[in-house]
Structures are given as C-alpha cells and as structure tokens.
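What follows is one structure encoded as structure tokens, with my remarks underneath.
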Amino acid sequence: DPNLRIHLAQIRPDVNMGSLLKTTVSSQLFTVSGAPRTRVAPDQDGQFVVHMEGVDIYDPVTNVVRSAGAEKVAAWFLDSDYDGRCFCVCQAFFPDRSAWDKLGKALSGTLDEDAFAKLSGTVSLPFPVGAHRRVAVKVIDPRGNEVMRVHKLGAGYE
C-alpha cells in the first residue's frame, strides 16, 4: 500500500517490568535500532578474532540509516562466549584516538603506547571458541546509542 508508512522501532526490555517501571518524561520505551558492522575470522592458532568495521543506526525521525566508520565508534565490547542472556565484557576497545590523547595529557605522558594501541584498535585479541559457540559484539556509537550483533562460531561461523 503506497499510503502506508512503516518505521522500524525497538522496544526496550524494561517494558516487561510493568508497574515497576518509572513513568517520567525522560523514560523512553522505544529506542533506535541498528547493527554493528563486524566480521569474525579464524586465526592461525584455531582461535577467532573480530574485526570492527563500523556501526549503522536507523534514525526513525528522518527515516535514514546513519553509518559511522570504526574509527568513530566510541567503544566496542566483546563477549567471547555469549550465552544469549547476559552480556559479559571479555574485551573492551575505544577506537576514537582523540579520547586517548586527552587521557595521555591528563596523565602527563605516562601511558604505555603499545598497550593502549591494542585497546584503541578495530581488531580484537584472539579468543577460543567457548561452550556456547557464540560471540557477541556490543557497540556504542558517537551519539551514545548501544547496539549488539551475535556471531555463531565453529564450522560454518558467520
């Protein structure tokens, strides 16, 4: 139907809390939806690494998908054995180098550049396949939106 206009929306899991949920003006049940652009690759030791390529966020007001490259992602986190219920941060990365520069100045240049280069990267550290055979990647975009993607691991990983 050409007269029908549809927008993607994502409702927060808090709605299941019923009367326990605070009802204030700032409470928003619907959030933006999006997806990290990530890929998983095996390494030479039989472990896996995740490559962060960026994030796409759907803006329901303008009906446009906004994309940000990996270097503009505020933070991304990895759960290397995601059980489908609880996200546990196993690795954390902060690719926006400007934040590290500010931290380095605040600490008067006492940062270990090699260590922080790994934490500001777009490729995870290698990790083995866990019991749940899934890895979850949670991304926070430059505007503070949080989105997640789950990859299956093992034979036929995606």
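What the Cβ-Cβ distance of A75 and D1 gives, at R0 = 35 Å and to the nearest 0.05, is a FRET efficiency of 0.30.
The stretch between S67 and C88 holds 5.0 nm of extra length on full extension. This uses 0.36 nm per residue minus the Cα-Cα distance.
In summary, the aspartates and glutamates within cross-link reach of K138, defined as a Cα separation below 18 angstrom excluding same-chain residues under 8 places away, comprise E53, D56, E71, D79, D81, D83, D96, E146, E158.
A35 to V123: extension gain in nm, 0.36 nm per residue of separation minus the Cα-Cα distance?
Working: separation 88, 0.36 × 88 = 31.68 nm, distance 1.72 nm.
In short, 30.0 nm is gained.
Each reported figure results from applying straightforward, stated rules to the coordinates on display, with no laboratory input. Please read these numbers as outputs of a predicted model, since none were measured by experiment. Quick reminder, even Gly has a Cβ in these numbers, built from the backbone with ideal geometry, and neighbours come from all protein chains shown.
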